[in-house]
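Everything below concerns the one structure shown next.
The values are calculated or read from the model by the stated rules, or taken from the named source; none is laboratory data. All values reported here derive from a predicted model rather than from experimental measurement. Note that we place each Cβ from the backbone using ideal geometry, even for glycine, and neighbour counts take in every protein chain shown.
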């Protein structure tokens, strides 16, 4: 099975480590790229700024996006991802601590594909990430990569 | 020739025949070739008549034609003497030369400067006629002139007679009748026809008294007719038997020589005149009765010496004397003693004598000695020739009016003293020009001016000038003038220039005819009121400001709270996840290095962090309840309770719990929040009945000390009423987690929801005897 790419946008090192630990237990073989703020996430996705040299052909199967992020927050990242022709169809899963109504509504109205609240119980967290990986990396059919969409 | 002409002229039936005969006699008798005679029209005549001889001669036709159409041969000659002209250019008409005639003799026919016509005689030779011919022709012309003059007089006379007859005939209003010596009608005009009703053909030849029949006094009228002279007024009979008033005037008629030839009779219809006279007489009678009958006025006439000559009913009533008692006595006796001593009665008479009229008021004495206040008008009476004959005296009892005037004066005095004593109010009058006329003590106190200082001053001195230089006092007066009244609150000035607030009413004052007499000004110093109003306004402002500040503070707090919740939601849970996560990682990765005790500690750590996670979630839920908007609608609590009960039973189907839920409990509220509240209450009961094998949970309504309310009752663990006050506090628990799980936030949530609905919640219970929660909405 080919390696599936995940972009993890997470500023909290603990959460990053725990998420990676959980993903490592996933039955689906995957590679995780971690970026630590909203700006870097956008740069990486759009191959600009510090990630200008990155190959645009390397497209993640899913983006796991935290909402509370330094520089550009998660909601704004989602807005720009959806506004950009190259990434507008990209599966984005919100993975965050909050279940505030404004956050949930904001994410869905900007076209988030899924919204998952991180449970405190690590057993549950692991289970959630495991299922998530299984679903998005194995079962979900990602949108086709149209060469014309790549600048 | 002259004789022939004379005979022909005198025998002629009319002027035209005379003219033709005359021309024929002259032309034949003295050898003229042609003759032309023009008769000028008299007064009222239309055109001249032309005569020509020989009229039948065809060769002379052009001349006859020309003369007849163009008139005389020449017209510029005003001479009355005969004139001879011969053919030497333009003297003769071209037609004369054309027919071979070269001389013309023109003789004007003039009588007493009246030009009656002209005769022209033509002949072939242009030598002047000799003297015998001229004199003969002139003589004939004289005869002709005489004939024309006579004819004209005759014609004019007959025309005048015809006109006069027509005039007489046309008179409609009066009958003009001519009687012959025997008294029979010989002339009868249209008026006679109208008044008598007899047409002319019936009247002529009849005796006059058959045509105009007197209703009475026939003999007197017949005598007049016999005498042919005189006047008679009386009633005549119409054919239908009714009568009419007539005047008949008879006069003898004489001809030019003084001979009597008849009588003229003029009959005049007096009906209308009689009617007016009767009306006048009736009116006079009425007036006399009126004067006598007037009761409210004494109407008295006096002679030149001031003695009473007439005394009407009013005089009798007013003075108490009968006419018999006073007639002939001096009017002086009617006056009061004071007037008599001052000689007032005589003064009044003299004044009336001098000016025609005198008027005065004074006390009068009645027959019983009592007095009344009288208004008296004396008028001097004069006869037709202007000689004084006495006086009329009109006297009216004014006692009542005088009393009213006194009352008014008294009332005015009282009013004035009232105005004067109204110290809190500035009350004064202004004239129509807005100048101050009066000034009360209140005005003096408010404005600081004395009456002497302001009287005659314009109202404007009490007003501050308008900012734009306008005169606010004039504007206020203009409004009062236009609307009758002007009311305002505004600044006024004291004498020292200090402004103060006044409440002012200015009213326009009009006289009986509606003419503006001036204004009344009533004002109150409201400075104190204004000041307290100002204080009140400032206080309100401060309060508003405070409220605004508090609102801002509350909004800030709310925002902070929201930010806090948000932060809690995101940030507080993260470390817990780390503790739990790394605890688990330790257990997984280092299980071989930890003994059972170490593993147990790690488990305790994880349990604690997970519990804290729950606490945080409950806290957030509670805070969300306070923040969300209340959406009220109809809610069926019974249905809601049924569904919650079913859910609880579905989750733990092994439990033996009986639910008793009252039907149709409907209310008005936020369904989402009410569901949370009911869920909490039901869960609570469900939880605390868990240790009993069989239990019952009830939901219904009841009456608690007269208050209708809902209740949720269970027969579970219950609680000690000593701790009832802690039931609804957040994180307050009456049981240990080991006994009953829970965070202690459930009832706090319920209370918050009930309170947000404006209701109240309380509980009753006893240990192991169950608990009942009551609430209102």
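Suppose we filter the range B:109-125 for residues that are within 27 Å of residue B:98 (Cβ to Cβ) and surrounded by fewer than 16 Cβ atoms within 10 Å (Cβ to Cβ); how many remain? Count: 2. Summed over the range B:740-766, residues that are free of Cβ contacts under 8 Å to residues at least 24 places away in the same chain and in contact with a helix residue (DSSP H, G or I) (Cβ under 6 Å, 6 or more places away or on another chain) total 0. For the range B:742-759, does any single residue satisfy the condition of being exposed (fewer than 13 other Cβ atoms within 10 Å of the Cβ), out of contact with any strand residue (DSSP E or B) (no Cβ under 9 Å at 6 or more places or on another chain) and not in a helix (DSSP H, G or I)? Yes, the range B:742-759 contains at least one residue that is exposed (fewer than 13 other Cβ atoms within 10 Å of the Cβ), out of contact with any strand residue (DSSP E or B) (no Cβ under 9 Å at 6 or more places or on another chain) and not in a helix (DSSP H, G or I). With the condition kept exactly as written, say whether any residue in the range B:597-608 is under 30 Å from residue B:711 (Cβ atoms), within 14 Å of chain A (Cβ to nearest Cβ), touching a residue at least 12 places away in the same chain (Cβ under 8 Å) and in a helix (DSSP H, G or I). No, the conditions are met nowhere in the range B:597-608. Does residue B:530 meet the test of being buried (at least 16 other Cβ atoms within 10 Å of the Cβ), away from chain A (no Cβ under 14 Å) and part of a helix (DSSP H, G or I)? It is true that residue B:530 is buried (at least 16 other Cβ atoms within 10 Å of the Cβ), away from chain A (no Cβ under 14 Å) and part of a helix (DSSP H, G or I). Taking the numbered list (1) under 26 Å from residue A:3 (Cβ atoms); (2) part of a helix (DSSP H, G or I); (3) within 14 Å of chain B (Cβ to nearest Cβ) in turn, residue A:136 passes all entries but (3).
For residue A:17, the test of being surrounded by fewer than 17 Cβ atoms within 10 Å (Cβ to Cβ), without any contact (Cβ under 8 Å) to a residue 40 or more places away in the chain, out of contact with any strand residue (DSSP E or B) (no Cβ under 9 Å at 6 or more places or on another chain) and farther than 20 Å from residue B:567 by Cβ is passed. Residues in the range B:224-240 that are surrounded by fewer than 16 Cβ atoms within 10 Å (Cβ to Cβ) and not in a loop (DSSP other than H, G, I, E, B): B:226, B:227, B:230, B:231, B:233, B:237. Being more than 13 Å from chain B (Cβ to nearest Cβ) and more than 28 Å from residue B:580 (Cα to Cα) is a property that residue A:130 lacks.
Picking from residues in the range A:106-127 that are assigned to a helix (DSSP H, G or I), farther than 14 Å from residue A:74 by Cβ and free of Cβ contacts under 8 Å to residues at least 24 places away in the same chain, the one that is farthest from the other protein chains (Cβ to nearest Cβ) is A:127. Evaluate the range B:486-497: report whether one residue or more is in a loop (DSSP other than H, G, I, E, B) and free of Cβ contacts under 8 Å to residues at least 40 places away in the same chain. Yes, because at least one residue in the range B:486-497 is in a loop (DSSP other than H, G, I, E, B) and free of Cβ contacts under 8 Å to residues at least 40 places away in the same chain. Please work out if residue B:221 is in a helix (DSSP H, G or I), in contact with a strand residue (DSSP E or B) (Cβ under 7 Å, 6 or more places away or on another chain) and free of Cβ contacts under 8 Å to residues at least 40 places away in the same chain. For residue B:221, the condition - in a helix (DSSP H, G or I), in contact with a strand residue (DSSP E or B) (Cβ under 7 Å, 6 or more places away or on another chain) and free of Cβ contacts under 8 Å to residues at least 40 places away in the same chain - is met.
Condition check ((1) at pLDDT 90 or above; (2) over 44 Å from the mean Cα position of the chain (by Cα); (3) loosely packed, with under 10 Cβ neighbours inside 10 Å) across all residues:
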site	(1), (2), (3)
B:466	no, no, no
B:477	yes, no, no
B:514	no, no, yes
B:526	no, no, no
B:550	no, yes, no
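Taking helices (runs of 4 or more DSSP H) as the structural unit, those lying wholly within the range A:1-87 and holding at least 1 residues that are within 14 Å of another protein chain (Cβ to nearest Cβ) and modelled with pLDDT of 90 or more correspond to A:13-24, A:74-83. Evaluated against (1) part of a strand (DSSP E or B); (2) in contact with a helix residue (DSSP H, G or I) (Cβ under 6 Å, 6 or more places away or on another chain), residue B:172 falls short on exactly one condition, (1). Residue B:50 passes every criterion in (1) at pLDDT below 85; (2) more than 14 Å from residue B:23 (Cβ to Cβ); (3) not in a loop (DSSP other than H, G, I, E, B) apart from (2). Can we say residue B:560 is at pLDDT below 85 and more than 8 Å from chain A (Cβ to nearest Cβ)? So residue B:560 passes the test. Among the residues making up the range A:89-105, those that are at the interface with chain B (Cβ under 9 Å from one of its Cβ atoms) and within 17 Å of the chain's Cα centre (by Cα) are A:96, A:97, A:98, A:103. One residue stands out in the range B:1-39 among those that are surrounded by fewer than 17 Cβ atoms within 10 Å (Cβ to Cβ) and not in a helix (DSSP H, G or I): the one that is farthest from the chain's Cα centre (by Cα), namely B:31.
Looking at (1) surrounded by fewer than 17 Cβ atoms within 10 Å (Cβ to Cβ); (2) within 22 Å of residue A:143 (Cβ to Cβ), which is the one condition that is false for residue A:70? Here residue A:70 clears every test but (2).
Taking the criterion of being part of a loop (DSSP other than H, G, I, E, B) and either modelled with pLDDT of 80 or more or surrounded by 12 or more Cβ atoms within 10 Å (Cβ to Cβ) (or both), the residues of the range B:84-99 that qualify are B:87, B:91, B:92, B:93, B:99.
Every test in (1) in contact with a strand residue (DSSP E or B) (Cβ under 9 Å, 6 or more places away or on another chain); (2) under 26 Å from residue B:196 (Cβ atoms) is passed by residue B:301 save one, and that test is (2). Among the candidates B:410, B:400, B:406, which residue alone is at pLDDT below 85 and loosely packed, with under 11 Cβ neighbours inside 10 Å? Only one candidate qualifies: B:400. Does residue B:572 qualify as being within 11 Å of chain A (Cβ to nearest Cβ), at pLDDT 85 or above and either part of a helix (DSSP H, G or I) or surrounded by 13 or more Cβ atoms within 10 Å (Cβ to Cβ) (or both)? The answer is no for residue B:572. Answer yes or no: is there a residue in the range B:624-632 that is over 27 Å from residue A:98 (Cβ atoms) and assigned to a helix (DSSP H, G or I). Checked against the condition, which is being over 27 Å from residue A:98 (Cβ atoms) and assigned to a helix (DSSP H, G or I), the range B:624-632 yields no hits at all. Out of (1) farther than 14 Å from residue B:770 by Cβ; (2) in contact (Cβ under 8 Å) with a residue 24 or more places away in the chain, the odd one out for residue B:706 is which? Answer for residue B:706: the failing condition is (2). Candidates B:289, B:280, B:276: the one that is within 30 Å of residue B:177 (Cβ to Cβ) and assigned to a helix (DSSP H, G or I) is B:276.
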